[in-house]
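Everything on this sheet refers to the single structure shown next.
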Amino acid sequence: MDLATTIPPHLGNLSFLALLDIGYNKFHGPIPFELCNLRRLKYMFFHNNSFSGEIPSWFGSFSQLELLRLDGNNFSGVIPSSLGNLSKLEKLSLSSNNLKGKIPITVGNLSNLEVLFLNDNQLSGHLPLEIFDHLSKLQALNLTWNQISGSVPSSLFNLSSLQFISLGFNKFACHLSSDMFDYLPNLQYLDLHRNQLEGTVPLEIGNLTSLHYLDIGGNKFVGKLKD
């Protein structure tokens with residue numbers, strides 16, 4: 001089914017819905033306020049449509065939500081800090097939109113989060129140093145194709161559950177410290193391509209024995225890779 005319309009506001013009357021999947025259609029316009037009544041939602045698939053406007057702040061009231069996919073739309077504005085209230089959220093994808101501004105520090109409150117995809121937006125600013133401190137279950141992080149600058153928080157590299165890190169095509173500017181790779185036994189994919197990373201590549205990168213993919217091209221590294 002390929003629907004090209006706006007979301008009917010009366011969907012908000014279905015207050016017992018646990019799953020709402022309208023992905024891969026041509027819905028457009030803003031998300032109607034009436035959907036804030038769907039407080040029992042656990043899974044929300046709104047991906048690959050043409051939604052526009054800002055992501056509503058009232059999404060933060062979906063206290064039962066475990067999965068939220070808004071990727072592949074035309075959402076603009078900033079990521080609402082209220083999303084940090086979604087304490088049960090496991091998967092969050094806001095990729096391929098037109099989101100701007102900083103990633104809110106409240107994302108660090110999502111202690112059950114396993115997947116965080118914010119790639120292909122226009123996000124900027126520095127990552128808060130403590131944003132990863134409580135994301136101990138995080139397995140996949142994708143921030144590729146944004147304009148994020150500053151240092152990569154060292155707390156990211158303490159998350160032993162991580163399997164996938166993609167930070168390419170940003171403006172990160174820092175050195176990679178030798179202890180960054182001591183606590184990532186499950187990491188399979190590491191993309192730091194096209195940033196402004198400096199210094200030498202730590203020998204300890206060889207400790208990533210589960211790694212299948214490594215891309216550190218297009219940076220400002222110096223020195224030589226030793227045996």
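Nothing in this text is a laboratory measurement; each read-out follows from the coordinates by a stated rule. Just so you know, these numbers come straight off a predicted model, no measurement behind them. No Cβ is skipped: glycine too gets one built from the backbone with ideal geometry, and neighbour counts run over all protein chains shown.
Against the empirical 2.2 N^0.38 Å (N residues), the stretch 113-227 has a Cα radius of gyration ratio of 0.98.
For Ser87 and Thr209, a Förster radius of 30 Å and the Cβ-Cβ distance give a FRET efficiency of 0.30, rounded to the nearest 0.05. Applying 1/(1 + (r/R0)^6) with r as the Cβ-Cβ distance of Ser57 and Leu129 and R0 = 22 angstrom yields a FRET efficiency of 0.30.
The distance from the alpha carbon centre of the stretch 58-106 to that of the stretch 156-227 is 27 Å, rounded to a whole number. Radius of gyration over Kirkwood radius for the chain, both on Cα atoms: the Rg/Rh ratio is 1.02. Treating r as the C-beta distance of Val78 and Ala18 and R0 as 30 Å, the FRET efficiency rounds to 0.55. Label-to-label distance for His10 and Glu198 is 6.3 nm, based on points extended 7 Å past Cα in the beta-carbon direction. Dividing the radius of gyration of the alpha carbons in the stretch 111-180 by their Kirkwood radius gives 0.93 for Rg/Rh. The overall shape of the stretch 157-200 is oblate: from the C-alpha gyration tensor, with semi-axes ordered a ≥ b ≥ c, the ratio a/c is 1.5 or greater and a/b is no larger than b/c. Stretched out straight at 0.36 nm per residue, the stretch from Ala173 to Lys102 would grow longer than its current Cα-Cα span by 23.9 nm.
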